[in-house]
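The values are calculated or read from the model by the stated rules, or taken from the named source; none is laboratory data. Model, not experiment: these values are computed from the prediction. Cβ: placed from backbone, ideal geometry, glycine included. Neighbour counts: every protein chain shown. Please note that ligands, DNA and RNA were not included when accessible areas were found on the heavy atoms of the full protein model with its side chains. Shrake-Rupley method; radii C 1.70, N 1.55, O 1.52, S 1.80 Å.
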Amino acid sequence: MRRTLSRAAALAATALLSTVIAAPAQAHSGPSAGAAFGTPAGATTKAPYRPLQSVRSLQQAPAGYTAVFTENVSRHGARALSDSEDGDLLLKLWQQAADEHALTRLGRGFGPDVQELLDANAKVGYGALTGQGRQALQDTAERMEQRLPGLFHRISAGAADPAGRDRIDVVSSGQPRAVDSGTEFTKGLVEGDPALAAAVDPARTDTALLYFHKSAANKDYTDYVKKDPALAATLTAIRDQPRSHQEARRVLERIFTGPFVDRLAAGGYPFAGTEVDVAQAVFNLYSVTADLTEEGDWHFGRYIGSDQAAWFGYLDNAEEFYAKGPGFAGRDITYRMAGVLLDDLFRKVEEKRAGTGTLAAELRFTHAEEIIPLAALMQLPGSTAQATEAAPYTYADNAWRGATVAPMGANIQWDLYRKGNKYLVRMLYNEKQTAFKPGCEPVSKGSYFYELDELERCFGRPAQAH
């Protein structure tokens, strides 16, 4: 998502925010902030998935409680590039530099490396799951089964039940990578217990639930992304800082000679945009290689240093924060629409409690555009702080990072436990036991289990008859 204003507007926005976005401070806050979350400098929502807690270290349910239902919301697994736009631009610019004898020794290998990466992405299919993405989903499913052995044993034991109890429902946005993610996840479950295959219902699509950012009902959101003046001014000011140009030069001078970069920065190659645009394209290719480990042995780190990766990762995270995440203080335009998904999470556990639901597992597969707003709406860790127009998002004062909020394969899971007529819910976020938002009281201090009635009260759910 590249945003531009008129040069005059950009200068005005930069002047307005220059006192609160200090380039020297950002130079140190980027890498250190990433390290605090156990992610490399420059990590964004393209980061590969990793579980945050082992199965064996989870709290056990209080005595007498048995798991009766589980549900998740999962982002699709690691994928290839969405398209070849960045690679095509870089190849065109590289060829221009080659014609002008303006490549560095290192830069001579850049074009072939870009072409090799584009070929690998085309072979996988642009936007399609990579080998790593498929395997990560299968592994996540296997760990779900390991955490809830009693529940899945009951599902498999009753898989042929003609009454259709304890079924597994698989639903996706309908986008190919989300559909494939559901397929890979259920494959992982069935590999753990082949009898589960008979319990899995045919996969279905629900775009209103799992692709809501494109819904006509959320036109106010799409208008915000495309037209909001505060959003455009803030992102332009963040992107057009002196440091962006400095770090862009450091990236490009690894590949191109100094005079060539000078001409690029002066607008001498209009097809390429600015030097910041080009360096961002290099960063984008560098980032995706982490998701293509089974498709090639990549060395794009030679073209971008860790400091530069940290800076361009910050620019990427800033766009995601404002377009999908907590966003501006006092506004809920970026995450209000996730209410449809939160409602569905509640509805499924309430149906199970009421005895009207026939499912034992509800498995949903969607996108970052849904996971990120849902995390903000639920006030999950890292998604609690907004930014003001006067004090924009920085790593120094905001914990939000795409790599921890919504890496590839990110997931939110609710497990429902029963003891007589009492029901408890446990939440896992990227497989780590996670407290619900402030104001929700667990069954005991330090517990990650909550009475369903308490969660309904805390989230303002309508009173349920049960």
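General observations
- The stretch between TYR126 and ALA195, if pulled fully straight at 0.36 nm per residue, gains 21.4 nm over its current Cα-Cα span.
- Ranked from largest, the principal axis spans of the Cα set of the range 280-355 equal 58, 37, 16 Å.
- Sequence-distant residues sharing a close amide H with ARG167 (under 5 Å, placed H): LEU359, ALA360, ALA361
- With 21 Å as the limit, the listed pairs LYS123/LYS226; LYS187/LYS352; LYS214/LYS324; LYS219/LYS324 have LYS123/LYS226; LYS187/LYS352 beyond it between alpha carbons.
- Debye intensity ratio in log₁₀ form over the Cα atoms of the range 168-230, taken at each q of 0.16, 0.18, 0.28 Å⁻¹: -0.62, -0.70, -1.10
- Rg and Dmax of the range 48-140, both derived from C-alpha coordinates alone, stand at 22.0, 75 Å.
- Per-residue Karplus couplings for the range 342-356, computed as 6.51 cos²θ - 1.76 cosθ + 1.60 with θ equal to phi - 60°, are listed in order as 4, 4, 5, 4, 5, 4, 5, 6, 5, 5, 5, 4, 6, x, 8 Hz, Gly and Pro entered as x.
- When its C-alpha radius of gyration is set against 2.2 N^0.38 Å (N residues), the range 125-186 gives a value of 1.32.
- Rolling a 1.4 angstrom probe over the protein heavy atoms with all chains in place gives the range 196-261 an accessible area of 44 Å² per residue.
- Residues in the range 214-258 that a label on ALA266 would reach, taking backbone N under 15 Å of a point 7 Å out along Cα→Cβ: 257-258
- In this structure the amide hydrogen of VAL68, modeled in the peptide plane, comes within under 5 Å of the amide hydrogens of LEU416, TYR417, ARG418, none closer than 5 places in sequence on its chain.
- Accessible carbon and sulfur surface of the range 132-277 relative to its total accessible area, %, 1.4 Å: 55 percent
- Shown in residue order for the range 168-182 are the 3J(HN,Hα) couplings computed by the Karplus curve 6.51 cos²θ - 1.76 cosθ + 1.60 at θ = phi - 60°: 10, 9, 10, 9, 9, 6, x, 5, x, 5, 6, 4, 5, 5, x Hz (x for Gly and Pro).
- Helix 23-36 and the longest principal axis of the C-alpha atoms of the chain enclose an angle of approximately 30°.
- Rounded tilt (10° steps) of 242-252 against the dominant C-alpha axis of the chain: 80 degrees
- Full extension of the chain segment joining ARG56 with HIS153 gains 33.1 nm, where the gain is 0.36 nm per residue of separation less the Cα-Cα distance.
- Chain lengthening between LYS187 and THR358 when straightened (0.36 nm per residue, less Cα-Cα): 59.4 nm
- Put simply, the convex hull of the Cα atoms in the range 270-424 casts, on average, a shadow of 13.5 nm².
- Angle in degrees between helix 131-147 and the longest Cα principal axis of the chain, rounded to the nearest 10: 30 degrees
- Compactness of the range 396-460, expressed as Rg and Dmax over alpha-carbon positions, Å: 13.8, 48
- Whole-percent carbon and sulfur share, accessible surface of the range 304-434, 1.4 Å: 45 percent
- Over the range 325-436, accessible surface divided per residue gives 29 Å², non-protein components excluded, 1.4 Å probe.
- Seen from a random direction on average, the alpha-carbon convex hull of the range 351-466 projects onto 9.2 square nanometres.
- Surface listing: GLU350, GLU100 arranged by accessible area from highest to lowest gives GLU100, GLU350, probe 1.4 Å.
- Equivalent-ellipsoid semi-axes of the range 196-236, from the Cα gyration tensor, Å, largest first: 37, 12, 5
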